[in-house]
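K.L.:
Have a look at the structure that comes next, please.
The values are calculated or read from the model by the stated rules, or taken from the named source; none is laboratory data. Keep in mind that what you see is a predicted model, and the values were worked out from it rather than measured. Cβ atoms come from the backbone with ideal geometry, glycine included; neighbour counts cover every protein chain shown.
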Amino acid sequence: MVSGLVAAGALTAAGPAAADATARSQGGATATMGSLKTYGTAVVHGAEGDQEVSAGLFEMAVDGGGTLQTYCVDLHNPTQKDAQYHETQWSGTSLAANKNAGRVLWILQHSYPQVNDLAALAKKAGVTGGLTEQDAAAGTQVAIWRYSDGADVDAVDPQAEGLADYLQKAARTVSEPAASLALDTSAVSGHPGERLGPVIVRTQESAVTVIPPLDAATTGVRVVDAAGKPVTTAADGSRLFFDVPEGAPDGTAELTLQASTTVPVGRAFTADSRSQTQILAGSSESTVSATATATWAARGPVPALSAAKDCTHHGLDVTAANRGDEDFAFSLMGTEYAVAAGQSRTVTIPLQEDQAYDFTIAAQRFTGVLDCRTRSAETETADLTTQTLADPSPATVGGTTTDTNLAETGGTSATPLIAGTAIALVVIGGAVLVLLGRRENAAGE
């Protein structure tokens, strides 16, 4: 049963069975947001006036080692320093519905820092006087914002503005890059005595390390190939299975794949909290990983559960594959669902923009924040004076001294409405839990 689903970052109280559950890994790189490292200044033009913002490259530290350089593709949302970011598909971001997403990738591939010969870049762009790193970063970010957010924005420095204009005009559509490391599914299930899977590996590396379940020596669960041979490495297209011994007690196991690689330029990164979406501009050799979980039971329903953000339908897709011999029933936001034995079902949970979710189904916990919009339409007439969440924070145009950085903040005149909606959703979430509790008590009576 679902333990809860609420908004605004409120944490639901999961049941005892879910206490040790964790959020599902999407695979790829995980990193911590640092700050703007190389940047200039830009001006965003709006109905309420002009706003100066910092524009340039962010730097993130990769978990396990490595550094990422990113640009923002989410101008009007905040950037939270030290926020945890995860590599993800464009479908889980505002790029999903953006017909110009491929042009953003072209800009990344043909500008700084991928092109670090600034003299050559200036010549190609027709920029006289040359480019500094700050000019190159600011001009690139401005060009990206024009496509990612549809923003009316100019670089303050003439050289940076010249580069932005060139990149905007020259950009062509390029296909989304593949993940640095991913699995075709994050969850499998079945019965003891079976090979549970397959879990298919997707990677650009010739070989990745397979880390078996931590308690493999105790449970006897092995990670094997289709022929039943134990594996310690895998390659692109490898089919991995959990080999669960006959008679093993009901349980779960987890395998992890890990590699050191450069993350492909153009991969999107989203945060666990409300922090603006980033797109990769450059990567050092970095640690990437992907995780899959197996669940088995001798009888009854045996669900394999996974979830993915779906910005096309503005919600969260929850998939339940039942490999047991009885129906798997669960409740989600007050609605009852059933998945027949041997069948799979995907349920899309509609969510509000910026809504935090935290819920548990059958001891599997899913958490995150939906961030599918750039807010350009919402903020054209909004007051963009907001609380600064990270440094640096230049003053607004016109001589005011507010510590505002649009690229690193995100409150607007819509903030009270968002907060009110969040509170309402929390109340609704609580009501759902009460209703479920009454149903369970009635069933027990």
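K.L.:
Within the stretch 277-302, track down each residue that is surrounded by fewer than 23 Cβ atoms within 10 Å (Cβ to Cβ) and either among the β-branched types (Val, Ile, Thr) or in a strand (DSSP E or B) (or both). Steps first, please.
P.N.:
Kept after step one, since they are surrounded by fewer than 23 Cβ atoms within 10 Å (Cβ to Cβ), are these residues of the stretch 277-302: 282, 284-285, 287, 289, 291, 297-301.
Selection gives 282, 287, 289, 291.
K.L.:
State all residues of the stretch 183-209 that are hydrophobic (A, V, I, L, M, F, W, C) and surrounded by 20 or more Cβ atoms within 10 Å (Cβ to Cβ); if no residue qualifies, say none.
P.N.:
Across the stretch 183-209, the qualifying residues are 183, 187, 188, 196, 199, 201, 208.
K.L.:
Read through the list (1) part of a loop (DSSP other than H, G, I, E, B); (2) over 30 Å from residue 307 (Cα atoms); (3) in contact (Cβ under 8 Å) with a residue 12 or more places away in the chain, then give the number of the only condition that residue 116 fails.
P.N.:
All conditions pass for residue 116, except number (3).
K.L.:
A follow-up question, please. Looking at the stretch 303-338, which of the residues that are crowded, with 21+ Cβ neighbours inside 10 Å and farther than 30 Å from residue 28 by Cα is farthest from the chain's Cα centre (by Cα)?
P.N.:
Ranking the candidates gives 324 first.
K.L.:
Still on this structure: Those residues that are closer than 17 Å to residue 258 by Cβ, out of contact with any Ser or Thr (no Cβ under 7 Å at 6 or more places or on another chain) and in a strand (DSSP E or B), I need them from the stretch 201-228; list them, please.
P.N.:
Correct list: 202, 203, 223.
K.L.:
Give the residue that is modelled with the lowest pLDDT, with candidates limited to residues of the stretch 335-349 that are over 12 Å from residue 324 (Cβ atoms) and aliphatic (A, V, I, L, M).
P.N.:
Once the filter is applied, the top-ranked residue is 349.
K.L.:
Just to be sure I understand, how many residues within the stretch 244-261 are surrounded by fewer than 16 Cβ atoms within 10 Å (Cβ to Cβ) and of a type in the set (Val, Ile, Thr)?
P.N.:
The number of residues fulfilling the criteria is 0.
K.L.:
Still on this structure: I'm trying to understand the selection: among the residues of the stretch 52-96, which are more than 21 Å from residue 309 (Cβ to Cβ) and polar (S, T, N, Q)?
P.N.:
Those that are more than 21 Å from residue 309 (Cβ to Cβ) and polar (S, T, N, Q): 54, 67, 69.
K.L.:
Another question, then. Can you tell me which residue among 129, 162 is outside any helix (DSSP H, G or I) and touching a helix residue (DSSP H, G or I) at 6+ places or on another chain (Cβ under 8 Å)?
P.N.:
Residue meeting the stated conditions: 129.
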